[in-house]
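Novice: One structure, as structure tokens, below. Some questions next.
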Amino acid sequence: MRWWRVVGLLSGTSMDGIDVVAAELRLDGETIELRPLGDRTLDYPADLRDDLLAALPPGDLDAETFCRLDTLVGKSFADAALLGVDLAGGEADFVSSLGQTIYHWVEGGRAHGTLQIGQPAWIAEATGLPVISDLRTRDVAASGHGAPLAGVLDSLWLGDSGFQWKSETEVPLKSGAGIPLQSGTPGAPVALNIGGIANIAVVGGPEPLAYDTGPGNALIDLAAQQRTGKPQDTDGALAASGTVREDLLTILLDDEHYRLPAPKSTGKEHFNSAYLARALDELGEPVSDGDLLATLTELTARTIGDACRAEGAARVVVAGGGVRNPVLLAALRRQLDVPVLVSDDLGMPSDSKEALLTALLGFLTWHGLPGNAPGTTGAAGPRILGSITPGATGLRLPEPATTQPRRLIMRSAATN
């Protein structure tokens with residue numbers, strides 16, 4: 001059993017930069033061991049981020065602009081990959097990239113297509129390493145949503161035996177978490193990611209279930225940018241200064257997405273500036289900055305809470321940028337009467353969890369293993385995800401694995 005050194009890259013729907021992680025992974029029968037080596041975030045150049053945001057619906061994107069964005073994002077991902085190789089100690093086996101999603105085509109509750117940009121050839125050329133990319137499209141082609149893919153990691157990490165660690169050498173629960181981690185608690189563990197879009201994964205049952213609950217930070221960030229010129233409501237300060245407008249919240253909650261059955265997916269092509277403008281027009285009266293941010297923060301907490309209750313959540317483990325918003329976390333805890341933990345408390349770094357997911361997905365593809373769980377995306381069956389761009393030398397893949405993994409163990413970087 002050898003350790004494979006992997007660089008994982010992605011940029012989320014907030015489009016503020018590229019999350020980079022270096023990790024070692026190895027496969028031992030039904031067990032994947034994962035050892036984080038380091039993580040960073042590489043900010044996009046300001047003009048590139050502005051152009052990416054402008055390309056989102058309801059904006060227009062012509063072929064010239066698309067080509068430029070695909071190339072510039074690819075070059076930025078190449079810079080991020082070089083940073084990841086440094087985090088890996090100067091050597092890595094391959095890079096896994098989820099790219100930058102700029103459109104997710106959903107109609108009638110079904111995903112018809114998905115588009116991630118950031119040409120992997122730039123990464124391969126810069127690093128000399130093979131690159132596994134385009135990790136969502138095969139799932140969509142198999143009648144899945146291509147998202148959220150986090151259910152694969154969460155079901156392996158949390159689904160095998162509740163929240164217990166699997167051996168004495170694993171990363172311990174941080175002191176002060178205050179939550180007993182025995183298995184056998186009635187109800188399901190739920191992993192929650194609050195990025196631009198929020199998604200949950202219900203694990204521990206016969207088959208995991210995952211779906212997008214609705215906006216995470218997308219509308220909060222949008223309103224903060226519109227009202228203050230800042231890209232986010234730092235520490236939820238503006239939301240804390242306001243009061244939830246129940247009349248506006250009622251309008252926002254009257255959205256078809258919340259009524260669709262799982263699995264389901266959404267994105268900024270739906271929850272965008274035009275969406276927010278329509279809701280405010282329907283309200284027909286001014287809303288103060290603080291009240292608007294308080295209401296949008298409550299919307300995120302309410303829709304997540306509704307989904308978690310519907311799935312019988314016994315505990316909720318949160319990751320993603322939303323964990324840095326104490327007002328949002330407090331609102332979520334008010335919505336739920338079960339423990340709400342941050343994933344860091346269980347040894348999974350919340351800021352880099354999605355980049356670690358990307359590394360895991362690439363690792364599965366590298367070993368000829370499916371990277372989707374049909375219950376999480378709605379695909380017709382398990383599929384090996386992505387495409388591989390060769391590096392500077394001949395492409396040499398390991399012998400395909402014959403056993404599907406059932407658990408993931410987080411190891412400390414110091415563990416040998």
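Novice: Among the numbered conditions (1) of a type in the set (K, R); (2) modelled with pLDDT of 95 or more; (3) assigned to a helix (DSSP H, G or I), tell me where R40 comes up short.
Specialist: Looking at each condition in turn, R40 falls short on (3).
Novice: Could you say which residue among D16, D79 is open to solvent by 20 Å² or more (accessible area, probe 1.4 Å) and modelled with pLDDT under 95? Please lay out each step first, then the result.
Specialist: Numbers: D79 fails: modelled with pLDDT under 95.
Unique residue meeting the criteria: D16.
Novice: Filter the stretch 32-74 for residues that are in contact with a Pro (Cβ under 9 Å, 6 or more places away or on another chain), in contact (Cβ under 8 Å) with a residue 40 or more places away in the chain and open to solvent by 20 Å² or more (accessible area, probe 1.4 Å); which is nearest to G320 (Cα to Cα)?
Specialist: In this case the residue turns out to be D39.
Novice: Could you tell me which residue of the stretch 95-129 is farthest from T358 (Cα to Cα), considering only residues that are of a type in the set (G, A, S) and surrounded by fewer than 18 Cβ atoms within 10 Å (Cβ to Cβ)?
Specialist: So the residue we want is G108.
Novice: Right, something else. Return the pair list, or none, for Cβ contacts closer than 6 Å from residues in the stretch 229-250 that are within 8 Å of V327 (Cβ to Cβ) to residues that are part of a loop (DSSP other than H, G, I, E, B), at least 6 apart or on different chains.
Specialist: G236/N325; A239/D233
Novice: Check the stretch 47-68 and report whether any residue there is in contact with a helix residue (DSSP H, G or I) (Cβ under 7 Å, 6 or more places away or on another chain), assigned to a loop (DSSP other than H, G, I, E, B), under 21 Å from N372 (Cα atoms) and at pLDDT below 95.
Specialist: Checking the stretch 47-68: not a single residue is in contact with a helix residue (DSSP H, G or I) (Cβ under 7 Å, 6 or more places away or on another chain), assigned to a loop (DSSP other than H, G, I, E, B), under 21 Å from N372 (Cα atoms) and at pLDDT below 95.
Novice: Something else about it: How many residues does the stretch 338-350 contain that are open to solvent by 10 Å² or more (accessible area, probe 1.4 Å) and either outside any loop (DSSP other than H, G, I, E, B) or modelled with pLDDT under 90 (or both)?
Specialist: Qualifying residue count, the stretch 338-350: 5.
Novice: How many of the residues in the stretch 281-329 are over 23 Å from D16 (Cα atoms), surrounded by fewer than 17 Cβ atoms within 10 Å (Cβ to Cβ) and of a type outside the set (D, E, K, R)?
Specialist: Total satisfying the criteria: 6.
Novice: Of the residues that sit in the stretch 196-222 and are among the small types (G, A, S) and surrounded by fewer than 24 Cβ atoms within 10 Å (Cβ to Cβ), which one is nearest to the chain's Cα centre (by Cα)? Walk me through how you get there before you give the answer.
Specialist: Applying the first criterion (among the small types (G, A, S)) to the stretch 196-222 yields 196, 198, 201, 204-205, 210, 214, 216, 218.
Applying the additional criterion that residues be surrounded by fewer than 24 Cβ atoms within 10 Å (Cβ to Cβ) yields 204-205.
Details: G204: 20, G205: 21 Å.
Ranking the candidates gives G204 first.
Novice: All but one of (1) of a type in the set (S, T, N, Q); (2) in contact with a Pro (Cβ under 9 Å, 6 or more places away or on another chain); (3) surrounded by fewer than 14 Cβ atoms within 10 Å (Cβ to Cβ) hold for Q225, so report the exception by its number.
Specialist: Here Q225 clears every test but (3).
Novice: For residues that are among the polar types (S, T, N, Q) and either open to solvent by less than 70 Å² (accessible area, probe 1.4 Å) or in a helix (DSSP H, G or I) (or both), tally how many sit in the stretch 362-416. It would help to see each step written out before you state the result.
Specialist: Step one: list which residues in the stretch 362-416 are among the polar types (S, T, N, Q), which gives 365, 372, 376-377, 387, 389, 393, 402-404, 412, 415-416.
Imposing the further condition that a residue be either open to solvent by less than 70 Å² (accessible area, probe 1.4 Å) or in a helix (DSSP H, G or I) (or both) reduces the set to 365, 372, 376-377, 387, 389, 403, 412, 415.
So the count comes out to 9.
Novice: In the stretch 258-268, which residues are touching a residue at least 12 places away in the same chain (Cβ under 8 Å), of a type outside the set (F, W, Y) and surrounded by fewer than 18 Cβ atoms within 10 Å (Cβ to Cβ)?
Specialist: Scanning the stretch 258-268 gives L260, P261.
Novice: May I ask you to say which residue of R333, R245 is open to solvent by 20 Å² or more (accessible area, probe 1.4 Å), more than 18 Å from Y211 (Cβ to Cβ) and touching a strand residue (DSSP E or B) at 6+ places or on another chain (Cβ under 7 Å)?
Specialist: R333
Novice: Would it be correct to say that I132 is under 18 Å from E354 (Cα atoms) and either at pLDDT 95 or above or open to solvent by 50 Å² or more (accessible area, probe 1.4 Å) (or both)? Full working, then the answer.
Specialist: Numbers: under 18 Å from E354 (Cα atoms): yes; either at pLDDT 95 or above or open to solvent by 50 Å² or more (accessible area, probe 1.4 Å) (or both): yes.
So I132 passes the test.
The values are calculated or read from the model by the stated rules, or taken from the named source; none is laboratory data. Predicted, not measured: the structure shown is a model, and the values here were computed from it. Don't worry about glycine lacking a Cβ; one is built from the backbone with ideal geometry, like all the others, and counts go over all protein chains shown. Calculation scope for accessible area: heavy atoms of the full protein, side chains included, ligands and nucleic acids excluded. Shrake-Rupley method; radii C 1.70, N 1.55, O 1.52, S 1.80 Å.
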